[in-house]
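Only one structure is covered here, and it is reproduced in the block below.
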Amino acid sequence: MPDSQPQPQPQPHQPRHPARSEGAAPEAATLVLGGARLADGRTVDVRLSGGRIEAVGTAGSLTAPAARVDLNGYLLLPAPAEPHAHCDTALTADVEGPLSYAPEDIQRRTTEAALLHLGHGATALRTHVRIGGVHGLRSLEAVLSARRALRGLADLTAVAVPRVLTGAAGADGLAMLRDAVKMGATVIGGCPDLDPDPTGHAEAVLSVAAEHGCAVDLHTDGTDPARLSRLAAMAGGLRPGVSIGPCGGLGLLPREVAARAADQLAAAGVTVVCLPQGDCGGLEERAAPSGPARAAHAAHCAPARLLRAAGVRVAAGSGALRDAANPVGRGDPLEAAYLLASRGELRPEEAYDAVCGSARAAMGLAEVRVEAGFPAELLAVRGEGVAAVLSLAYSRIVVHRGRVVARTSAVREYCDSAVAVALDLPRQSRARDGGSSGSGSGGPQQPG
């Protein structure tokens, strides 16, 4: 099942604009995005209606009465998605003392984290939530409350992540996992590496997922090729799909061993979600080296190029967002793509696909293209091409379900100098007395 389920349409006897209940998504009006540059170099107008792209025409051709957003100077792309977040623990790196797991605190952190992801362009998020232990299902309940509050701004999906599923404690974990699905978790997660019986843990997750028709998203370092082989054998054919990540340890294996594991994952249709921005807290209890060795281990990213060459779908996520696992995490999908490209793992277009097309596919979401009939999930970034926006992606306009839901504007200013004036740098201008001029700072400016 897709992470974001379509909402039921109003019945004929219902008013067209009923009073909105808590969390109901607002209805988008017709909107024209004017003068946008596409990745193929064309400059177009794009008309959005009913949450979808209604028409794409040459610049200036779509002039029907509608709200209009001028995208001159922007590159228009399908919106990225966030396939691996930990919103319930986000923004806690500076918290002193024990972390609060009060439902209101978790809901606040989750909401704030989701909005930060949204501001960067991710209109859909998959967040992993621990269940079990002394907190039971309270964290999941709070995340689901945040999901309802965010409806219309971003689509948030909860992944229920149990602790132990085998041995004497396994029965309680399995019962809680089934309860989590009944509550609204649409993806089943797990951490086989942390269970005394990793294979049994994976078997239990896959069994419950098959029972309820849920997707699977497992945390694993990928350091044990035999374990990956068994997982691939078990996961083959499971629908709606299996993802694993961050798999940083896979890049530490001998190349021929990693290539063999990649072939097995590809044959089973398993997606790998890598975390180029750093580790997450999902495997914080693993038996790993300490000190600098552990830091190097955590920072290693899955070998995206090798995996793609084998036919594995590779998506990229953000992982930790300013929590104990990564106190400087940004939650920015474009930075994840930038890191994949800057390290030479993928070309810029492939790197963007990892946070967009492949991420959406891993999450069971509909494909997005800037073409008529596709969902209006779009990101406009100031720049001329994919490589340029990955390099300097500051100003952004985010469209979700055909509605502008977030804007970020950046202007870089330089002080007055003869050199700057002689270079005739482009200026961020605004209308004044019927003409255009600088912002009044006295120095040349560039839009970011």
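Within the set LEU76, LEU91, LEU71, the sole residue that is more than 25 Å from GLN277 (Cα to Cα) and in contact with a strand residue (DSSP E or B) (Cβ under 9 Å, 6 or more places away or on another chain) turns out to be LEU71. Can you confirm whether region 111-131 contains a residue that is surrounded by fewer than 19 Cβ atoms within 10 Å (Cβ to Cβ), of a type in the set (A, V, I, L, M, F, W, C) and more than 26 Å from the chain's Cα centre (by Cα)? No. Within region 136-180, the only residue that satisfies the criterion of being among the hydroxyl-bearing types (Ser, Thr, Tyr), open to solvent by 10 Å² or more (accessible area, probe 1.4 Å) and in a helix (DSSP H, G or I) is SER145. Residues in region 83-110 that are surrounded by fewer than 17 Cβ atoms within 10 Å (Cβ to Cβ) and of a type in the set (D, E, K, R): ASP94, GLU96, GLU104, ASP105, ARG108. All of (1) over 26 Å from the mean Cα position of the chain (by Cα); (2) closer than 17 Å to ASP224 by Cβ hold for ASP172 with one exception: (2). Evaluated against (1) touching a residue at least 40 places away in the same chain (Cβ under 8 Å); (2) within 23 Å of the chain's Cα centre (by Cα); (3) open to solvent by less than 20 Å² (accessible area, probe 1.4 Å), GLY190 falls short on exactly one condition, (1). Candidates in region 54-85 are the residues that are out of contact with any Gly (no Cβ under 9 Å at 6 or more places or on another chain) and in a strand (DSSP E or B); of these, the one that is nearest to THR408 (Cα to Cα) is LEU76. When LEU99, LEU118, LEU76 are checked against the criterion of being free of Cβ contacts under 8 Å to residues at least 24 places away in the same chain and closer than 30 Å to VAL187 by Cβ, a single residue qualifies: LEU99.
Could you tell me whether region 127-135 includes any residue that is part of a helix (DSSP H, G or I) and hydrophobic (A, V, I, L, M, F, W, C)? Checked region 127-135: at least one residue is part of a helix (DSSP H, G or I) and hydrophobic (A, V, I, L, M, F, W, C).
Considering region 30-53, and only residues there that are in a loop (DSSP other than H, G, I, E, B) and of a type in the set (A, V, I, L, M, F, W, C), the residue that is least open to solvent (accessible area, probe 1.4 Å) turns out to be LEU38.
Is there a residue being closer than 18 Å to ALA122 by Cβ and at pLDDT below 95 anywhere in region 279-296?
yes
Taking every residue in region 44-65 that is within 17 Å of ALA366 (Cα to Cα) and pairing it with any residue that is open to solvent by 60 Å² or more (accessible area, probe 1.4 Å) and among the basic types (Lys, Arg), at least 6 positions away or on another chain, the pairs with Cβ-Cβ distances below 6 Å are GLY51/ARG401.
If I ask for residues that are among the small types (Gly, Ala, Ser), under 23 Å from MET176 (Cα atoms) and open to solvent by less than 10 Å² (accessible area, probe 1.4 Å), which ones from region 195-231 would you list?
Once the filter is applied, which keeps residues that are among the small types (Gly, Ala, Ser), under 23 Å from MET176 (Cα atoms) and open to solvent by less than 10 Å² (accessible area, probe 1.4 Å), region 195-231 yields ALA202, ALA209, ALA215.
The values are calculated or read from the model by the stated rules, or taken from the named source; none is laboratory data. Values in this document were obtained by computation on a predicted structure and should not be read as measured data. Note that each Cβ is placed from the backbone with ideal geometry, even for glycine, and that neighbours are counted across all protein chains shown. Side chains included, ligands, DNA and RNA excluded: accessible areas come from the protein's heavy atoms. Shrake-Rupley method; radii C 1.70, N 1.55, O 1.52, S 1.80 Å.
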